[in-house]
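The values are calculated or read from the model by the stated rules, or taken from the named source; none is laboratory data. Keep in mind that this is a model prediction, so the values were computed, not measured. Note that we place each Cβ from the backbone using ideal geometry, even for glycine, and neighbour counts take in every protein chain shown.
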Amino acid sequence: MSQPTLKNAPSLDAYWMPFTANRQFKAAPRLLAAAEGMHYTATDGHQVLDGTAGLWCVNAGHGRRAIAQAVEQQLLTLDFAPSFQMGHPAAFAFAEALAAIAPGGPEAGLDRVFFTGSGSESVDTALKIALAYQRAIGQGTRTRLIGRERGYHGVGFGGISVGGLVNNRRVFTQLPGTDHLRHTHDPARNSFVKGQPEHGAELAEDLERLVALHGAETIAACIVEPVAGSTGVLIPPKGYLERLREICTRHGILLIFDEVITGFGRLGTPFATDYFGVVPDLVTTAKGLTNGTVPMGAVFASRTIHDALMHGPENAIELFHGYTYSGHPLACAAGLATLGIYAEEGLLTRGAALAADWAGAVHDLRGRRHVIDIRTIGLVAGIELQPRPDAPGARAYEVFVDCFERGLLIRVTGDIIALSPPLIAEPEHIAEMTRILADAIDRVA
Ligand code: PMP
């Protein structure tokens, strides 16, 4: 591993890195110094093709001048405004612009927008809105929240509780009254599938079983990622989300789609809600909302939910929830500029045009040693390697390190490699990604 050669390189001791094996990383650090378009430049000067849009967020590519200029102008005009009982025009303008492209289109009515500072905050916000709504309509016994195995919903206490990753909650405990559906990953029945797998829609009936077990009158909401990203690109079987929607509606359970990854064009449609044609009651977003530049999240709520909470005396606060940085001026400026780029360059639907070539290129990795499954949808891919029996995760990690040295950033979770390039990717970038990845997979022990 080449060591970074930063002049006046900082000591690595003080920064406690998130979700990182700190000691391993600091022994052989990988540091990024700059980014432009499809590429990072590492501190040792080598170019790294961005195969992951940063962390699933830089959908319009790096170094976008329009965003930089909008943020600078906003910073010099109005750097901060109190978010409670006070407003500023950019927040209303950004919410209005988001409402115009809201998940599911105008008929879905998901056009009321609550701003947060991150994906985790969006998830906890959506769960709290769900509980508040149930109470507001006289369904106060509905306090249970249902998630799914292998779901990732950030790291707030709500998110880890409905999330399906035991490591993220093992030492922290979790909220009472949460339960989980089984995940839909079934390699025995679905492997090397392009798009949605054929088998597994019946797994949605798990929700019916939880209704039978706990009583519908105890369940407020069910949250799923339409396509689970962080846990390895798990694509819903055909009919699964439709069935989940139907069961939720029948039992008065709110359906929440966590679109922190799938939002803003990842699947070749503005939102996964549009891709699958299934309309939830709440949608969480972050990441691509500001092209990853200024931290921000947003929750889209249905008008029905919003309006039900606009009750009581007019001088009463309707929802006792919010953040200092809700609707932060810089984030709104960045977001507005980002939406401008998405619209001008057609990026929210560009993935649809690239999807077939993308799937073809990635599925060409089939047959290489250790590759046991490949899944693709929109501009996302999951490539699963056979774990080393003595060291699960080691193989994919080796590929990750090798790819970085050869000039490609990928993401690994366990022995699954995830790819999700910026939506500005050209065919030659895709070819380079799969070429470097193929070489790295071939060299793995
Ligand atoms: N939900 C999903 C589906 C995510 O993928 C993530 C982040 N990867 C989050 C929530 C949490 O977002 P953040 O890290 O911004 O808190």
* To do: Please work out which one of (1) on the phi > 0 side of the Ramachandran plot; (2) surrounded by 11 or more Cβ atoms within 10 Å (Cβ to Cβ); (3) not in a helix (DSSP H, G or I) is the condition Thr41 fails and give its number.
  => (1)
* Asked: Just checking, how many residues over the stretch 294-308 are touching a residue at least 60 places away in the same chain (Cβ under 8 Å), away from the ligand (no atom under 13 Å from the Cβ) and not hydrophobic (A, V, I, L, M, F, W, C)?
  -> 4
* Tell me which of these Asp111 doesn't satisfy, since it passes every other one: (1) out of contact with any Lys or Arg (no Cβ under 7 Å at 6 or more places or on another chain); (2) within 24 Å of Ala337 (Cα to Cα); (3) away from the ligand (no atom under 13 Å from the Cβ). => (1)
* Quickly run through the stretch 117-132 and pick out the residues that are within 9 Å of the ligand (Cβ to nearest atom) and buried (at least 24 other Cβ atoms within 10 Å of the Cβ). => Gly119, Glu121, Ser122, Val123
* Asked: Restricting the search to the stretch 133-157, which residues are under 23 Å from Gly327 (Cα atoms) and away from the ligand (no atom under 16 Å from the Cβ)?
  -> Tyr133
* Asked: Any chance the stretch 199-208 includes a residue that's within 11 Å of the ligand (Cβ to nearest atom) and either part of a loop (DSSP other than H, G, I, E, B) or touching a His at 6+ places or on another chain (Cβ under 7 Å) (or both)?
  -> no
* Residue that is surrounded by the fewest Cβ atoms within 10 Å (Cβ to Cβ) [pool: residues in the stretch 227-279 that are of a type in the set (D, E, K, R) and in a helix (DSSP H, G or I)] -> Arg250
* Please state which of the following conditions Leu55 fails to meet, knowing it meets all the rest: (1) in the same structural domain as Gly263 (by TED's automatic domain parsing); (2) under 21 Å from the mean Cα position of the chain (by Cα). => (1)
* To do: Considering only the stretch 56-84, state which residues are out of contact with any Leu (no Cβ under 9 Å at 6 or more places or on another chain) and either at pLDDT below 95 or of a type in the set (Asp, Glu) (or both).
  => Glu72
* Output yes when any residue across the stretch 74-82 is surrounded by fewer than 24 Cβ atoms within 10 Å (Cβ to Cβ), under 21 Å from Leu181 (Cβ atoms) and aliphatic (A, V, I, L, M), and no when none is. => no
